[in-house]
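Reading through the structure tokens given below for one structure.
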Amino acid sequence: MEAFAGMFRKATFLNLFKGVKLPNGGPSLSHLLYADDALVLGDWSLDNVKTVNRLFTVFNICSGLKINFSKSNLFGLGVVNKEVEAMAKVLGCKMGNTLFVYLGVKVGANMNRISNWDPVVQVVRNRLSKWKASVLSIGGRATLIKSVLESIPTYYFSLFKAPAKVIANLESMIKNFLWEGDGTNKKIHWVAWLDVTRPKKQGGLGLPRLEWCNKSLLSKWIWRYREERNALWRSVLEAIHGSSRQWEAIPSNARLASNWNSLVRLEKQWKLGGQRISERIKGVIGDGKDVRFWLDIWVGLEPLKNTFPLLFMLESEKKCRVADRILASTDRGQFCWKWKRMPRTAEEVQQLVDCCRILNQIRLRAGRDSWLWLGHGSDTFSVAAVKKIVIQEEVQPTEVFFKWCKWVPRWRSKDEIFWWKSKDAVFVESLRRRWTTFLQNAGWRGKFGTLFRIGGKSLLYTLSRFGTYWLFTSTPKFPE
């Protein structure tokens with residue numbers, strides 16, 4: 001495929017093929033390749049289509065590999081169907097509809113609509129129908145939820161913000177599968193979902209909330225935007241959403257309806273410990289050519305545009321880099337300012353003095369700039385670190401909680417979950433009534449007591465783990 005890409009780059013360079021030119025000095029897109037899939041983009045013209053046909057023919061002659069046109073589709077944006085169909089005949093491929101699926105994602109679909117999430121919901125529903133939930137214990141169902149069910153929507157969750165109704169539907173299916181199994185009989189959900197989703201260290205089952213997973217996965221795009229400075233997708237975003245009058249750390253064009261705008265709105269509204277995700281990413285200065293002087297966080301705990309707002313108003317190039325303002329040719333702090341006018345009021349001069357005092361401690365050095373994650377864990381961003389912060393923010397610790405035993409084997413997990421449910425008073429009372437009825441029907445003549453703490457060892461493996469035993473207040477008598 002490298003030869004295929006080289007042919008299109010050469011054709012674009014010689015102006016034989018005209019790709020899609022992005023605004024604001026963005027790149028020109030002619031082709032995108034992934035594994036054995038090829039996506040060709042260009043202006044709508046007969047010359048472009050004929051050039052593509054010739055390139056495919058030359059590629060076939062040189063490599064012996066032939067494009068399967070019966071599986072290929074031609075799409076036209078803003079073009080009538082008859083013209084698209086005529087162009088498709090030139091290539092010998094099929095005409096495709098505007099809304100299509102590429103690499104498992106609906107291209108052009110509005111993912112804020114609940115109906116566009118039906119494939120994800122249907123996959124989860126189909127997977128549940130194939131499992132024999134009736135023969136699985138609650139421990140087995142909890143294991144399947146952790147390992148399989150919650151990983152099914154991960155791909156979509158890492159790309160789109162899921163509507164609240166979709167998350168509610170998915171969590172409803174997970175709840176029903178956990179407590180009811182195959183769903184043939186309605187059963188009581190003994191423990192609140194908030195307690196089920198608590199970490200195991202706090203007495204829960206450790207099942208994460210899907211909303212937290214969705215937000216944590218989307219937050220990785222903020223880190224990737226900082227870290228992948230030369231990535232093609234970042235250049236495309238800056239060309240589409242960038243503006244000379246926009247001074248936010250993450251570019252966003254509110255006039256466009258896009259998934260990126262939804263992600264940026266989420267980043268602005270969602271705060272962890274009172275901070276946005278972008279405020280937890282700090283620049284580490286190297287040569288100063290990547291970190292923006294006023295807009296990024298690299299000295300202190302906030303951007304310099306917030307620390308010195310009067311100086312930022314006087315700045316003529318608000319998107320300048322650190323290397324544009326701090327000179328690296330001397331050991332002393334020397335600066336190259338470009339003001340619209342010189343600072344002259346007392347407040348402006350004082351802010352300039354304070355700014356220079358801070359910058360005198362900064363020295364440029366060899367090597368590129370890097371980014372530092374200010375969250376928990378290592379200095380590198382991870383989705384798990386964000387989830388840990390979310391759990392600490394959302395889950396309130398309790399003084400009394402169930403302690404799981406690490407040495408209980410997995411095949412006895414249903415026993416531990418049984419005692420985990422027994423912390424609920426309603427569950428204990430229901431269990432007492434059931435056992436009382438069972439013993440009376442079996443002919444026992446004794447009063448059934450309650451759970452009683454004992455210090456001795458029991459012959460039953462599970463009961464010996466928790467030091468509990470069913471105690472009768474009188475000696476049971478067998479029926480004659």
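For residue 138, the criteria (1) under 17 Å from residue 209 (Cα atoms); (2) open to solvent by less than 60 Å² (accessible area, probe 1.4 Å); (3) at pLDDT below 85 hold in every case but one, which is (1). Would you confirm whether or not the stretch 187-196 contains a residue that is within 20 Å of the chain's Cα centre (by Cα) and free of Cβ contacts under 8 Å to residues at least 60 places away in the same chain? There is no residue in the stretch 187-196 that is within 20 Å of the chain's Cα centre (by Cα) and free of Cβ contacts under 8 Å to residues at least 60 places away in the same chain. Filtered by the rule that a residue be of a type in the set (A, V, I, L, M) and open to solvent by 20 Å² or more (accessible area, probe 1.4 Å), the stretch 174-198 gives 188, 192, 194. Every condition in (1) in contact (Cβ under 8 Å) with a residue 60 or more places away in the chain; (2) charged (D, E, K, R); (3) closer than 30 Å to residue 160 by Cα is met by residue 296 except one, and the failing one is (1).
On the stretch given as the stretch 266-293, residues that are aliphatic (A, V, I, L, M) and within 24 Å of residue 160 (Cβ to Cβ) total 4. I'm trying to understand the selection: among the residues of the stretch 243-285, which are more than 25 Å from residue 306 (Cβ to Cβ), surrounded by 13 or more Cβ atoms within 10 Å (Cβ to Cβ) and not hydroxyl-bearing (Ser, Thr, Tyr)? Result: 259, single match. Could you tell me whether residue 37 is surrounded by fewer than 16 Cβ atoms within 10 Å (Cβ to Cβ), charged (D, E, K, R), closer than 26 Å to residue 232 by Cβ and modelled with pLDDT under 90? Answer is yes for this residue.
Could you tell me which residue of the stretch 199-242 is modelled with the highest pLDDT, considering only residues that are assigned to a loop (DSSP other than H, G, I, E, B), within 24 Å of residue 268 (Cβ to Cβ) and open to solvent by 50 Å² or more (accessible area, probe 1.4 Å)? If we take residues in the stretch 199-242 being assigned to a loop (DSSP other than H, G, I, E, B), within 24 Å of residue 268 (Cβ to Cβ) and open to solvent by 50 Å² or more (accessible area, probe 1.4 Å), then 228 is modelled with the highest pLDDT.
Here residue 115 qualifies as without any contact (Cβ under 8 Å) to a residue 40 or more places away in the chain, under 31 Å from the mean Cα position of the chain (by Cα) and surrounded by fewer than 14 Cβ atoms within 10 Å (Cβ to Cβ).
Picking from residues in the stretch 69-109 that are open to solvent by 80 Å² or more (accessible area, probe 1.4 Å), touching a residue at least 12 places away in the same chain (Cβ under 8 Å) and in contact with a strand residue (DSSP E or B) (Cβ under 8 Å, 6 or more places away or on another chain), the one that is nearest to residue 154 (Cα to Cα) is 94. Looking only at residues of the stretch 2-34 that are on the phi > 0 side of the Ramachandran plot and in contact (Cβ under 8 Å) with a residue 12 or more places away in the chain, we find that the one that is least open to solvent (accessible area, probe 1.4 Å) is 25. For the stretch 97-117, a residue qualifies if it is part of a loop (DSSP other than H, G, I, E, B) and closer than 20 Å to residue 81 by Cβ, and the qualifying residues are 97, 98, 99, 108, 109. Quick check on residue 227: is it of a type outside the set (A, V, I, L, M, F, W, C) and touching a Phe, Trp or Tyr at 6+ places or on another chain (Cβ under 7 Å)? Yes, satisfied.
Yes or no, residue by residue, for (1) in contact (Cβ under 8 Å) with a residue 40 or more places away in the chain; (2) open to solvent by 30 Å² or more (accessible area, probe 1.4 Å):
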| position | (1), (2) |
| --- | --- |
| 310 | yes, yes |
| 322 | yes, no |
| 339 | no, yes |
| 359 | yes, no |
| 364 | yes, yes |
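Go through the stretch 227-266 residue by residue and tally those that are in contact (Cβ under 8 Å) with a residue 40 or more places away in the chain and either under 16 Å from residue 112 (Cβ atoms) or basic (Lys, Arg) (or both). Result for the stretch 227-266: 6. Every listed requirement among (1) part of a helix (DSSP H, G or I); (2) out of contact with any Asp or Glu (no Cβ under 9 Å at 6 or more places or on another chain); (3) farther than 28 Å from residue 375 by Cβ is met by residue 266 save one, (3).
The values are calculated or read from the model by the stated rules, or taken from the named source; none is laboratory data. Since the model is a prediction, treat every value here as computed from it, not as a measurement. Note: ideal-geometry Cβ built from the backbone for every residue, glycine included; neighbour counts use all protein chains shown. Quick note on the areas: whole protein, heavy atoms, side chains included, nothing else; ligands and nucleic acids left out. Shrake-Rupley method; radii C 1.70, N 1.55, O 1.52, S 1.80 Å.
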